[in-house]
Amino acid sequence: MTAHDHQTQHVQPFEHPGLGRKRAKSTPKGRQVEPQALEEVEALLGERPRQRDLLIEHLHLIQDRYHQITAAHLAALADIMKLSFAEVFETATFYAHFDIVKEGEPEIPPLTVRVCDSLTCAMFRSEELLATLQDSVGPGVRVVRAPCVGLCDHAPAVEVGHNFLLGATKESVLAAIEAEDTHPHMEEYVGYDAYIAGGGYTLLNALRSGERSIDSILTVLDDSGLRGLGGAGFPTGRKWRAVRGEPGPRLMAVNGDEGEPGTFKDRLYLQTDPHRFLEGTLIGAHVVEADEVYIYIRDEYPVAREILEREIARLPEGGPKLHLRRGAGAYICGEESSLLESLEGKRGLPRHKPPYPFQVGLFGQPTLINNVETLYWIRDIIEKGNAWWNAHGRNGRTGLRSYSVSGRVKQPGVKLAPAGVTIRELIEEFCGGMEEGHRFHAYLPGGASGGILPARMDDIPLDFGMLEKHGCFIGSAAVVVLSDQDDIRGAALNLMRFFEDESCGQCTPCRAGTQKAVMLMQRPTWNQELLGELSQAMRDASICGLGQAASNPLTCVMRYFPEEFMTKEAAE
């Protein structure tokens, strides 16, 4: 029975002893589909397939066209895709970038301005900018706060429509609104012809022709020690072998949902040298014999998505089919199983493990999942050999790392440096030192969930396995540098609020734990015992890494900055 059938069936007659036979009114059940909304959604979808996993893509079409999604549009989309209204509604309301207008609510203004309020932007007074803009814009413009948009090296970042303003000010935002400059700006990058001229796709062609064996590729990856650079750090060669060991058919998924506050390395590589990433992707697909590859790019990266659409179209025919999918504003979808759920057109709720994605992944098939940067390095490592890769490194570590550095340094940005570099070396050798008038006070070695360390602990190699004993981890190597003019306690609260907002809500330890932690951290004096118990419960019982790691900044502040959470009166 289709959704339409459900909507048009009638209430059946009933009998009641002593009351005689009565017939209820013939009233359609369920939400009715409005003809105009149905016509509008049909026109938007055109000849596109109506399959279930494209639900989020279709919601984007409506959002982009009308700047909002009404209940009538949701009902029409449900009818067209033969889904229940509840399925469409729960998916649409899960993602932050779908503006759902419920019945009786006023329409949303046609232009939305998003002001990033994550840690680095907050350090550069984005809260003040948000309040100023809310008081300054005219009708037809909505100003809202937004989580990290991946421009931490240009804080504060503001998105006007889909145009991102770097180092935004009130004046630059109002000027963009006045000029209707709302589309993303694209800079020069290495296109297909230039990439081919530089030897691009030679390795892939050698692999496909049999000139280069799959075993030789896997051996190089094993010997190089390349690990997943999205945060988990799982050995790449071992992961590829594990997927190959599962019965086919197999799929591949690329995690381009770089949402960790402080991280922006994937954006740089996608927007400057996309074919190096694509070649690594196609090599991985060939090794695991995946006929289809799903590339998931966060919605905050419209330029990267446009570049990939353009360059994928230029690839020669043959090889796996590449599907480019668009996120919709959900940090949780950076977790691999949540990513799979989103690719299937559902809410991004983490799956229970086991089974693991390499066993039962996308659409129930064994799936290789890799991060953008991991795939970006495949060509260089295989062509130049593991000896080249291992020749880099410091303090007993090997390889290269892309450190996303933001905060109180003179030269923030993506810093390609030896793995194992210390924070002091990173600041002085790669970032031009501290910003004028600021003294190094603390740092986040691995983004929002990687913890906070004091400046005195400046000799720890920034690499996998080096920070765990200190209650931190390197993750995606998002380094945020704080000075003596920054509030460490406020930084920890900012991060916990981020996790509270981004919790998917599936499990109580994370959903309730982050909320309770924010409440406790807002108090003048922190209850260390209670916060410690809460943090332990979140680590032990949360389903995925979001809840398990959300308390790391909190526990680090209590451990390394005891003076920060005392009240002013107590400190005096």
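Side notes on the structure shown:
- Just one residue in the set 320, 350, 418 is surrounded by fewer than 23 Cβ atoms within 10 Å (Cβ to Cβ), farther than 24 Å from residue 460 by Cβ and not charged (D, E, K, R); that residue is 320.
- Of the residues in the stretch 426-440, at least one is of a type in the set (Phe, Trp, Tyr), surrounded by 20 or more Cβ atoms within 10 Å (Cβ to Cβ) and more than 22 Å from residue 268 (Cα to Cα).
- Scanning the stretch 474-514 for residues that are in contact with a Lys or Arg (Cβ under 6 Å, 6 or more places away or on another chain), surrounded by fewer than 24 Cβ atoms within 10 Å (Cβ to Cβ) and within 28 Å of residue 408 (Cα to Cα) turns up 483, 484.
- The C-beta contact set for the stretch 288-308 (first residue over 19 Å from residue 162 (Cβ atoms), second residue of a type in the set (Gly, Ala, Ser), distance under 6 angstrom, 6+ apart or interchain) comprises 293/285; 294/253.
- Output for the stretch 358-367, where each listed residue is of a type in the set (Gly, Ala, Ser) and open to solvent by 40 Å² or more (accessible area, probe 1.4 Å): 364
- Per this entry, residue 86 is counted among residues that are more than 20 Å from residue 298 (Cβ to Cβ), open to solvent by 60 Å² or more (accessible area, probe 1.4 Å) and hydrophobic (A, V, I, L, M, F, W, C).
- Selection of first residues in the stretch 379-394 that are at pLDDT 95 or above and of second residues that are buried (at least 16 other Cβ atoms within 10 Å of the Cβ) and charged (D, E, K, R), restricted to Cβ pairs under 7 Å at least 6 apart or on distinct chains, gives the following pairs, ordered by first then second residue: 379/276; 379/279.
- Pick from the stretch 368-400, criterion in a loop (DSSP other than H, G, I, E, B), closer than 24 Å to residue 467 by Cα and not hydrophobic (A, V, I, L, M, F, W, C), ranking: least open to solvent (accessible area, probe 1.4 Å): 399
- The stretch 202-230 residues that are more than 30 Å from residue 446 (Cα to Cα) and of a type outside the set (Lys, Arg), paired with ones that are part of a loop (DSSP other than H, G, I, E, B) and at pLDDT 95 or above (beta carbon under 6 Å, 6 or more apart): 206/212
- Residues that are assigned to a helix (DSSP H, G or I), open to solvent by 60 Å² or more (accessible area, probe 1.4 Å) and either within 16 Å of residue 547 (Cβ to Cβ) or among the hydroxyl-bearing types (Ser, Thr, Tyr) (or both) within the stretch 515-534 comprise 515, 516, 533, listed in sequence order.
The values are calculated or read from the model by the stated rules, or taken from the named source; none is laboratory data. Every value quoted in this text rests on a predicted model; they were computed, and no experiment measured them. As a convention, Cβ positions derive from the backbone with ideal geometry for all residues, glycine included, and neighbour counts pool all protein chains shown. Each accessible area value is taken on the protein alone, full model and side chains, heavy atoms only, with ligands, DNA and RNA left out. Shrake-Rupley method; radii C 1.70, N 1.55, O 1.52, S 1.80 Å.
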